[in-house]
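Heads up, the thing below is written out as structure tokens.
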Amino acid sequence: MTDLSWLTARPVAHRGFHDMNKTRWENTLSAFAAAAERGYAIECDVHLSSDGVPIIIHDDDLKRLTGEDGFVWQRSAAELTALRVGGTSDRVPTLQEALDLVDGRVPMVVELKGIPGRDEGLVARVGKILKGYKGKAAIMSFDHWLIRDFPKHAPGIPAGLTAYGKDLKLIEAHFSMLAHELSFTSYAAGDLPNPFVSFVREKLKMPVITWTVHDQPAIDLTFKYADQMTFEGFEPDLVKVA
């Protein structure tokens, strides 16, 4: 089994180390620079532009983050990277720009955002970019159809299931994804403990990180039932993390 101790060695800054979108916005180069300077791992979200470029942005709808109407998949990389985020000087970055900035200083955890019928080639494009990256990086997704493509189109890159929930139907769906060469899980902190997380962590010895941690109760759940947290809204070094 591949050594993924780097994945859980440091808290993971959710969408970079932003200030809850006051002056330093999520998923921007400024937020990634701030995380890298502090030694935090970085989680980011990736969609595919209309011309097939992996773009870092959380929402498929452009309105909340850029003020523009329309969807990410309707615009080219050039059009998207010209958009300012939250009215700041930061613009929507490509995955390659973020990797160039971080330059291997801290791990990158890249969440792939699927849009049914609009994400053809997303896994392959991200896989190709990460294959050429010298730093530590992993991919993950909520979207099962993307995860099924991970082994084929992103071989050798640590792959994770992003998940939530405690009810039996969801837990069974999570278990079904173990057939697709997963190497870690990112689970909602508030849904711990549960049988899936217990199984992958204790029986499969698979690392588990949590999302998204904002307070001490979530920190406590994380370090009782998982291995590391994805956080936002505070600096982990200032609170009890274990």
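Structure notes:
Residues checked against (1) touching a Ser or Thr at 6+ places or on another chain (Cβ under 6 Å); (2) more than 30 Å from Gly117 (Cβ to Cβ); (3) of a type in the set (Lys, Arg):
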{"residue": "Gly156", "(1), (2), (3)": "no, no, no"}
{"residue": "Phe184", "(1), (2), (3)": "no, no, no"}
{"residue": "Asp191", "(1), (2), (3)": "no, no, no"}
{"residue": "Pro195", "(1), (2), (3)": "no, yes, no"}
{"residue": "Gln228", "(1), (2), (3)": "yes, yes, no"}
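- Top-ranked residue of the stretch 65-74 - restricted to ones that are open to solvent by less than 50 Å² (accessible area, probe 1.4 Å) and not aliphatic (A, V, I, L, M), ranked as farthest from Ile129 (Cα to Cα): Gly67
- Among residues of the stretch 88-104 that are on the phi > 0 side of the Ramachandran plot and modelled with pLDDT of 95 or more, those with a beta-carbon under 9 Å from a residue that is in a loop (DSSP other than H, G, I, E, B) and of a type in the set (D, E, K, R) at least six positions away or on a different chain give the pairs Asp103/Lys134; Gly104/Lys134; Gly104/Lys136.
- The stretch 38-64, residues that are more than 18 Å from Gly114 (Cα to Cα) and either open to solvent by less than 20 Å² (accessible area, probe 1.4 Å) or in contact (Cβ under 8 Å) with a residue 12 or more places away in the chain (or both): Arg38, Gly39, Tyr40, Ala41, Ile42
- Pair list, Cβ under 7 Å, 6 or more apart: the stretch 1-12 residue of a type in the set (Lys, Arg), other residue surrounded by fewer than 18 Cβ atoms within 10 Å (Cβ to Cβ): Arg10/Gly39
- Failed condition for Gly160, given (1) open to solvent by less than 10 Å² (accessible area, probe 1.4 Å); (2) in contact with a helix residue (DSSP H, G or I) (Cβ under 6 Å, 6 or more places away or on another chain): (2)
- Checking each residue in the stretch 126-161 for being farther than 18 Å from Pro207 by Cα and aliphatic (A, V, I, L, M) picks out Val126, Ile129, Leu130, Leu146, Ala154.
- Members of the stretch 91-109 found to be in contact with a Leu (Cβ under 7 Å, 6 or more places away or on another chain) and open to solvent by 20 Å² or more (accessible area, probe 1.4 Å), listed by number: Arg91, Glu97, Leu101, Pro107
- One residue alone among Leu146, Leu122, Leu112 is surrounded by 15 or more Cβ atoms within 10 Å (Cβ to Cβ), in contact (Cβ under 8 Å) with a residue 40 or more places away in the chain and over 29 Å from Ile219 (Cβ atoms), and that residue is Leu122.
Condition check ((1) in contact with a helix residue (DSSP H, G or I) (Cβ under 9 Å, 6 or more places away or on another chain); (2) modelled with pLDDT of 95 or more; (3) under 23 Å from Ala35 (Cβ atoms)) across all residues:
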| residue | (1), (2), (3) |
| --- | --- |
| Ala188 | no, yes, yes |
| Pro193 | yes, yes, no |
| Asp215 | no, yes, yes |
| Leu221 | yes, yes, yes |
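- Boolean, Leu221 is in contact (Cβ under 8 Å) with a residue 24 or more places away in the chain, buried (at least 16 other Cβ atoms within 10 Å of the Cβ), in a loop (DSSP other than H, G, I, E, B) and not basic (Lys, Arg): no
- Selection of first residues in the stretch 169-187 that are surrounded by fewer than 15 Cβ atoms within 10 Å (Cβ to Cβ) and of second residues that are β-branched (Val, Ile, Thr), restricted to Cβ pairs under 7 Å at least 6 apart or on distinct chains, gives an empty result.
- Total residues in the stretch 189-218, condition open to solvent by 10 Å² or more (accessible area, probe 1.4 Å) and aliphatic (A, V, I, L, M): 3
The values are calculated or read from the model by the stated rules, or taken from the named source; none is laboratory data. These numbers come from a predicted model, not from an experiment. Using ideal geometry, Cβ is built from the backbone for each residue, glycine included, and neighbour counts are taken over all protein chains shown. When the accessible area is computed, the model is the full protein with side chains, heavy atoms only, and any ligands, DNA or RNA have been set aside. Shrake-Rupley method; radii C 1.70, N 1.55, O 1.52, S 1.80 Å.
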